[in-house]
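**Q** Have a look at the structure that comes next, please.
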Amino acid sequence: MKPGQQPTAPTGQFQNVKDVENAAKSRMDKVVADLQHEMATIRTGRASVNLFDGITVEAYGSPMPINHVATLHVPEPSLITIQPYDVSQIGAIEKAIRASDLGLNPSNDGKLIRVPIPTPTEERRKELVKQLHHIAEDHRVASRNIRRDSNEAVKKLLKDKLISEDDDRRAHDDIQKMTDSIIAKIDQLAKAKEKDILEVK
């Protein structure tokens, strides 16, 4: 997620503080969901079908997510198997995995693709942690951007005399608390993922 990528709500559409806070909560929940999705694609030493979430396969003339053209399984902690629905797509699937930046080496027997998940080197783990920190920071920035939009929406309500100055102060406090809570959640998720990356299998 790039900073500011979250959809911005037009500041003039709110009639009261509750509307502003509900919109802020909904957008912040999306930030957390997006973070979880992005973190799932960072490779640890443990096999996970989520690794392939960002990979698309050229199938039937258009790019399709890998899980739309095959069934993915984790038969053991360091192996993922991919069973194409149509075996004629096996080459395209294998090519897409090789072309990704995951550094994996798939092989197939004509029917099934096997993808061994090697344990990352210490250097690779450090790179992954750096990547994780960058992703987490992007999501913190997105949360702060939502706080800014929400505060502007509240100021507009005050200016339009739809709320009192007390309401304005309370709303700013509540929006700050909501932002602090979301950033704490981002920190907690990133910390757990970092532990997962650095854990030597």
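**Q** Pull up all non-local amide H partners of ILE55: gap of 5 or more, or a different chain, and H-to-H distance under 5 Å with H placed in the peptide plane.
**A** HN-HN under 5 Å from ILE55: ILE66.
**Q** Set the Förster radius R0 to 25 Å, insert the Cβ-Cβ distance between GLU127 and GLU58 as r into 1/(1 + (r/R0)^6), and round the FRET efficiency to 0.05.
**A** Step by step, r from the Cβ atoms, then E = 0.35.
**Q** Assign unit charges at the C-beta atoms only (+1 for Lys and Arg, -1 for Asp and Glu), then state the dipole size of the chain relative to its Cα centre in Debye, rounded to the nearest 20.
**A** Charge dipole, the chain, about its Cα centre: 200 debye, nearest 20.
**Q** Could I ask something else about it? Please sort by residue number the trypsin sites (Lys or Arg not before Pro) in segment 43-136 whose DSSP state is loop and whose Cβ has at most 10 other Cβ atoms within 10 Å.
**A** Sparse-neighbourhood loop trypsin sites (Lys or Arg not before Pro): LYS111.
**Q** If you plug each phi of segment 28-34 into the Karplus form 6.51 cos²θ - 1.76 cosθ + 1.60 with θ = phi - 60°, what whole-Hz ³J(HN,Hα) values come out, in order, with x for Gly and Pro?
**A** Here the 3J(HN,Hα) series is 5, 4, 5, 4, 5, 4, 5 Hz.
**Q** Okay, moving on. Farthest toward the dipole's positive end in the chain, which of THR179, GLN83, THR121, given Cβ charges of +1 (Lys, Arg) and -1 (Asp, Glu) about the Cα centre?
**A** Going by the Cα projections, it comes out as THR121.
**Q** How big is the charge dipole of segment 86-190 about its Cα centre, in debye rounded to the nearest 20, if each Lys and Arg gets +1 on its Cβ and each Asp and Glu gets -1 on its Cβ?
**A** 140 debye
**Q** Let me ask another. With the chain treated as a Gaussian network of Cα nodes joined by springs under 10 Å, which of GLU123, GLU58, GLU152 yields the largest mean-square fluctuation?
**A** With Cα springs under 10 Å in the chain, the top fluctuation among GLU123, GLU58, GLU152 is at GLU123.
**Q** Hey, another quick one. Among [x] 9.4; [y] 10.9; [z] 13.1, which one is mean projected area of the Cα convex hull in nm² computed from these coordinates?
**A** The value computed from this structure is option [z].
**Q** Treat every Asp and Glu Cβ in segment 54-121 as -1 and every Lys and Arg Cβ as +1, leave all other atoms uncharged, and give the resulting dipole magnitude about the Cα centre to the nearest 20 debye.
**A** I would put it at about 40 debye.
**Q** Continuing with the same structure: Can you find, among GLY54, VAL17, LEU35, the residue farthest towards the positive end of the dipole of segment 9-109? Put +1 on the C-beta of Lys and Arg, -1 on that of Asp and Glu.
**A** Towards the positive end, the residue furthest out is VAL17.
**Q** Looking only at ASP173, ASP53, ASP101, which one moves most when the chain is put into a Gaussian network model with springs between Cα atoms under 10 Å?
**A** Its mean-square fluctuation being the largest, the pick is ASP101.
**Q** Moving to a separate point now. Would you mind checking which residues have amide H under 5 Å from ILE80's amide H? H placed 1.01 Å from N; only 5 or more apart, or other chain.
**A** Those lying under 5 Å, H to H, from ILE80 are VAL115, ILE117.
A short reminder: the numbers here are calculations on the coordinates, not readings from a lab. From a predicted model like this one, the values you see are computed outputs, not experimental measurements. Methodologically, a virtual Cβ is constructed for each residue, glycine included, from the backbone with ideal geometry; neighbour enumeration extends over all protein chains shown.
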